[in-house]
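This report refers to the structure that appears directly beneath it.
The values are calculated or read from the model by the stated rules, or taken from the named source; none is laboratory data. Every value quoted in this text rests on a predicted model; they were computed, and no experiment measured them. Backbone-built Cβ (ideal geometry, glycine too); neighbour counts: all protein chains shown.
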Amino acid sequence: MSILKLLRPRVLAAVQKASPAAGEIPTVADCAYINAWLSAKSSGTFGDIQVRGLLQAAKRLKLDPHTFAADVISNLEISEIGIAKVDGPGFINIELSAPFLEKRLEETFFKGDPRLGVDKVEDRIVIDYSSPNLAKEMHVGHLRSTIIGDALARVHRFAGSEVIAQNHVGDWGTQFGMLIAHVNDASTSVDLDKLQGLETLYVEAKVRFDADKDFADRARENVVKLQAGDQAMLKQWEQIVDVSLKHAQKIYDTLGVLLTRKDVCGESFYNNDLHNVVKDLTDLGLLVVDQGAKVVFTPLFQKDFGKGKPIFMVQKGGDGFGYAATDLAAIRHRVRNLKGKRLLYVIDNRQSLHCKQLFDVASRAGFLPPDVTATHVGFGTMMGKDKKPFKTRTGGTVKLAELIGEAQDRAYQLAKDKNARRTKGDVFSEEQLRDIGNKVGIGAIKYADLSKHRDKDYIFDLDSMLQFEGNTAPYLMYAYTRARSVARGAAAADAADSTAVAASTSKIVPRLQERAEHNLAVTLLQFPDELQQVLDTSLTHHLCTYMYRLAQAYTQFYNACPVIKAPDAETRESRLAMCTITSQMMKTGLGLLGIQVLETM
């Protein structure tokens with residue numbers, strides 16, 4: 001159990017004794033970490049945790065805030081946890097005791113707790129993410145869904161949930177009909193084994209589709225044949241899909257995301273169920289014909305349509321199915337076959353209305369039962385430095401492979417420049433530099449995205465992402481490396497001193513004597529509460545902010561508390577243990593964000 005979860009019922013019990021009326025206010029016992037040590041101006045502030053709900057409760061009930069807070073403290077039973085004092089206009093600040101923190105560190109890091117204090121969550125979660133359209137290369141528009149979805153999958157699995165990834169690729173529809181038509185019209189043979197050629201063909205086919213009515217009609221006829229199971233069409237379609245998925249998997253492997261071919265469940269998978277969806281909606285009286293199309297009215301969203309009709313189009317006038325029908329079939333599959341209890345859709349904010357209508361119609365139809373939740377995990381747009389959607393200099397779409405390669409090359413060059421300034425016996429090999437460049441480049445891209453509030457647009461700026469100072473992946477990765485290097489330095493010092501007893505931190509529980517040790521311990525133990533916020537909100541920036549605070553706390557500890565040159569052996573081993581568990585937490589936290597660590601950099 002996290003520290004805040006441990007404290008809250010005790011605070012609530014004390015509030016109820018001090019004022020039964022205040023005890024009825026839902027937020028009265030809300031607690032939060034102060035982290036006052038981060039600010040020089042507030043370094044003298046007492047406490048590690050603040051009870052923040054009391055002040056509003058006192059104002060609401062017209063109680064004197066200080067007297068009310070003092071009454072709560074007199075009833076607060078936390079002697080084995082810490083000391084409480086009234087602070088400011090009527091808050092309660094709690095300073096955690098060293099024995100309590102040491103015991104928590106032992107339970108969290110030295111007794112084999114695989115979740116490091118996080119309560120186990122037994123849930124079955126289906127996460128829809130990445131979902132590129134096939135028949136062309138992945139571009140930057142797929143980056144955010146892929147990165148955010150991967151991090152959420154990691155976090156939920158870490159907490160104990162069973163996570164089922166669904167890569168709902170666009171592998172069906174008009175783009176395949178027009179591409180097959182264009183390939184069949186080509187005067188020379190087309191090698192579909194090369195995706196670059198396929199990308200060019202797609203652009204050419206799209207130009208013809210928009211300009212040539214006869215070609216467009218033939219493309220649509222191909223789609224009809226494809227949906228009807230024409231073997232020749234299916235063979236070409238399968239080849240195009242296979243080539244596209246190979247390209248996507250290469251991107252996933254480079255990014256280090258967990259998606260594999262087995263997670264692919266594209267639009268084509270649901271083709272056979274679309275008529276069933278229409279029939280079921282019709283039988284339920286939900287489906288109506290409007291101007292030849294079969295639609296469901298969604299009056300809850302009238303304001304989003306202005307003077308237009310709030311319709312959810314399930315089947316087009318020509319009997320073709322829109323992606324609304326496919327998405328309804330997908331919900332049925334995820335609930336009935338995958339047995340999902342919580343459905344997360346990591347999709348661009350521009351699809352917000354579609355998701356609202358989808359969940360509304362699915363609920364009314366019984367496809368989404370009351371005991372299953374569906375949530376749109378929306379995100380903003382990746383912008384260029386000009387604060388416009390990220391494009392190439394010529395205004396084209398930026399290919400994801402090229403963007404990743406540029407980040408890796410830039411990180412490699414930075415590592416190479418730093419390498420030139422290292423001492424002769426301490427330089428990295430070319431292979432090591434490439435490894436550093438690849439991991440730092442990927443880490444920088446991921447962290448820059450995940451550290452922002454996902455609802456907001458953000459500016460993609462490699463110069464800022466690759467900085468080794470501030471809230472960046474390189475800074476956090478270096479904090480891990482430095483924590484690990486302390487242990488190596490201690491081992492080297494022991495090896496050089498024949499009289500020294502080698503330090504073993506595997507069973508040494510830290511003893512907290514200095515303020516910087518105390519602060520680092522408190523920060524380490526905040527992890528369960530911070531991760532719970534990600535589990536509850538799907539907002540990854542909470543974990544990123546925590547990781548940055550942890551790196552700062554370790555830096556303060558590193559500067560204030562000598563480790564290898566500690567005053568005595570016991571203190572040395574205690575501080576070595578703090579370095580060890582900090583590196584463990586850094587590796588765990590970065591790993592949940594999908595960022596690999598480096599032992600040296």
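Structure notes:
- Qualifying positions in region 43-71 - closer than 16 Å to E95 by Cβ and in a helix (DSSP H, G or I): A69
- Residue list for region 1-23, restricted to those being of a type in the set (A, V, I, L, M), modelled with pLDDT of 95 or more and outside any helix (DSSP H, G or I): A21
- Check on T571, in a helix (DSSP H, G or I), farther than 18 Å from N471 by Cβ and not assigned by TED's automatic domain parsing to the domain that holds I148: yes
- Number of the condition not met by Q413 [criteria: (1) polar (S, T, N, Q); (2) closer than 22 Å to S464 by Cβ; (3) under 26 Å from the mean Cα position of the chain (by Cα)]: (3)
- For region 410-423, a tally of residues being surrounded by 14 or more Cβ atoms within 10 Å (Cβ to Cβ) and charged (D, E, K, R) returns 3.
- Residue in region 466-475 that is farther than 18 Å from T555 by Cα and either surrounded by 13 or more Cβ atoms within 10 Å (Cβ to Cβ) or free of Cβ contacts under 8 Å to residues at least 40 places away in the same chain (or both) present: yes
- Number of the exception - R454 against (1) assigned to a loop (DSSP other than H, G, I, E, B); (2) touching a Gly at 6+ places or on another chain (Cβ under 8 Å); (3) more than 28 Å from Y554 (Cα to Cα): (3)
- Applying a threshold of 6 Å to beta carbon distances and a minimum spacing of six or more residues, or different chains, the list of pairs starting in region 138-152 at a residue that is modelled with pLDDT under 95 and ending at one that is among the basic types (K, R) reads H139/K399.
- Residue within region 522-540 that is of a type in the set (G, A, S), assigned to a helix (DSSP H, G or I) and touching a residue at least 12 places away in the same chain (Cβ under 8 Å) present: no
- Residue within region 137-149 that is under 24 Å from R454 (Cα atoms), of a type in the set (K, R), surrounded by 22 or more Cβ atoms within 10 Å (Cβ to Cβ) and assigned by TED's automatic domain parsing to the domain that holds L226 present: yes
- Some residue of region 261-271 being closer than 26 Å to I442 by Cβ, among the aliphatic types (A, V, I, L, M) and touching a residue at least 12 places away in the same chain (Cβ under 8 Å): yes
- Test: residue in region 359-377 that is modelled with pLDDT under 95, part of a helix (DSSP H, G or I) and either farther than 29 Å from F468 by Cα or in contact with a strand residue (DSSP E or B) (Cβ under 9 Å, 6 or more places away or on another chain) (or both): no
- Some residue of region 302-309 being farther than 28 Å from E238 by Cα and touching a residue at least 24 places away in the same chain (Cβ under 8 Å): yes
- Some residue of region 344-356 being over 30 Å from I459 (Cα atoms), of a type in the set (A, V, I, L, M, F, W, C), in contact with a strand residue (DSSP E or B) (Cβ under 9 Å, 6 or more places away or on another chain) and not assigned by TED's automatic domain parsing to the domain that holds A473: no
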